[in-house]
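Enquirer: Have a look at this one.
The values are calculated or read from the model by the stated rules, or taken from the named source; none is laboratory data. Given the structure is predicted, the values throughout are model-derived calculations rather than measurements. Using ideal geometry, Cβ is built from the backbone for each residue, glycine included, and neighbour counts are taken over all protein chains shown. The area values use the complete protein model at the heavy-atom level, side chains included, leaving out ligands, DNA and RNA. Shrake-Rupley method; radii C 1.70, N 1.55, O 1.52, S 1.80 Å.
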Amino acid sequence: IVGVEALIRWQSPEQGLVPPGKFIPLLEETGLILEVGSWALRRAALDHRGWAESGIKPPRVAVNVSAIQLRQGDFVSIVERAVREGLAPAAIDLEITESLVMENVEATIEKLKKVQALGIKIAIDDFGTGYSSLAYLAKLPVQTLKIDRSFVITMLSDPDTAALVRTMIALAHSLRLTVVAEGVDSEDQAKVLRLLRCDQMQGYLFSKPLPLYQMSALLAKI
């Protein structure tokens, strides 16, 4: 295990476990996503430091960034304050969706360059689902492309999708980027991705989402 992704879940006293598709839009609509997003970054940095202090070799921790967060003028300083709680150099990866990157490319590039200078890595999430320009993709200060799970799920049964996955991996490697395939749930999928020289994989084949104490136990066994 070389990395983990920090995911927010809401355990409501009245409704039980509420899926993020229901409460994340509400957080964005109310503006609470700014507070929650800052908390998630800080929590990820603290958890990473906690693993190291307990003798566990900590993996990098990826945290998703909302469009509302990235649009804030003080986005870089918020990220800097959050990761200050963790180890130096920072071991946080920010995940930004492909469509979000293309909203205001020039401004986004400047912000991401400053974030990168903090030691943070940038990943383009859900790659293949947006409309990114290859010209801008070469300019973006990113280190990782994450292929959207919709391609991984169908590539075994659809030759055209398999060709797209092969092309995305080749494109990423030509730009000296690491490729992560999302939604890998079977050994058959993993076998094909290995043959295509995919660098890393993420999905239920390796682990379902776990609370911190269970993830700590899993990492302690490695």
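Enquirer: Would you mind stating whether residue 159 is open to solvent by 20 Å² or more (accessible area, probe 1.4 Å) and modelled with pLDDT under 95?
Expert: Answer is no for this residue.
Every residue, every condition in (1) more than 21 Å from residue 123 (Cα to Cα); (2) touching a strand residue (DSSP E or B) at 6+ places or on another chain (Cβ under 6 Å); (3) among the β-branched types (Val, Ile, Thr); (4) open to solvent by 30 Å² or more (accessible area, probe 1.4 Å), yes or no:
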{"residue": "17", "(1), (2), (3), (4)": "yes, yes, no, yes"}
{"residue": "32", "(1), (2), (3), (4)": "yes, no, no, yes"}
{"residue": "38", "(1), (2), (3), (4)": "no, no, no, yes"}
{"residue": "42", "(1), (2), (3), (4)": "no, no, no, yes"}
{"residue": "59", "(1), (2), (3), (4)": "no, yes, no, no"}
{"residue": "65", "(1), (2), (3), (4)": "no, yes, yes, no"}
{"residue": "70", "(1), (2), (3), (4)": "no, no, no, no"}
{"residue": "81", "(1), (2), (3), (4)": "no, no, no, yes"}
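Enquirer: Same structure again: When you check residue 178 against the structure, is it over 25 Å from residue 93 (Cα atoms) and among the hydroxyl-bearing types (Ser, Thr, Tyr), yes or no?
Expert: Against the criterion (over 25 Å from residue 93 (Cα atoms) and among the hydroxyl-bearing types (Ser, Thr, Tyr)), residue 178 does not qualify.
Enquirer: Going through the stretch 201-219 one residue at a time, which ones are over 26 Å from residue 145 (Cα atoms) and out of contact with any Ser or Thr (no Cβ under 8 Å at 6 or more places or on another chain)?
Expert: Listed by number, the residues that qualify are 213, 214, 217.
Enquirer: Whether any residue in the stretch 117-132 is more than 16 Å from residue 74 (Cβ to Cβ), open to solvent by less than 40 Å² (accessible area, probe 1.4 Å) and of a type in the set (Ser, Thr, Tyr) is what I want to check.
Expert: Looking for residues that are more than 16 Å from residue 74 (Cβ to Cβ), open to solvent by less than 40 Å² (accessible area, probe 1.4 Å) and of a type in the set (Ser, Thr, Tyr), one finds at least one in the stretch 117-132, hence yes.
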